[in-house]
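Read-outs throughout are calculated quantities, based only on the coordinates presented, and are distinct from any laboratory measurement. A quick note: this is a predicted structure, and the numbers were derived from the prediction, not measured. Neighbour counts are summed over all protein chains in view; Cβ atoms, including those assigned to glycine, are modelled from backbone coordinates with ideal geometry.
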Amino acid sequence: MLIIAFGEYAVLGAIPEINYTNGLAIEKVSVKFEIKEEYIDNGAETYSDCEEMSGIKRLNIFRYFEEENILLPVETKFDTENNMVYTDVDRLGTYCLIDMEKWFVRYPAKIIHTLLNINI
């Protein structure tokens with residue numbers, strides 16, 4: 001699966017696959033990840049000064065698109081009071097939580113800083 005190539009070290013927690021029996025349909029699914037206390041702080045602290053990447057905000061939910069064999073981010077919401085990262089989707093499938101700070105170590109700093117709009 002592509003998640004292995006993506007970097008297992010960047011995946012946090014379980015990788016749920018949400019599906020249903022034929023004949024059923026869904027309108028909305030909430031995918032929620034409750035973050036344990038030991039995973040809230042930025043481990044590498046590379047981007048801890050950047051508000052968009054501090055604490056659980058550095059985590060992003062991705063969906064695996066099997067047809068294209070690619071992981072893509074989905075709109076990710078944060079409940080910082082309850083240490084919850086979640087998304088509301090209208091598709092079933094495989095979802096995972098990626099620690100963006102850990103994932104970014106694979107890319108040159110200039111690309112990351114451009115994405116986060118940080119002057120270097």
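Bridgeable lysines around residue 102 (alpha carbons under 18 Å apart, same-chain partners fewer than 8 residues away excluded): 36, 57, 110. Exposure proxy shown here: for 40, 61, the number of other Cβ atoms within 10 Å sets the order, fewest to most, as 40, 61.
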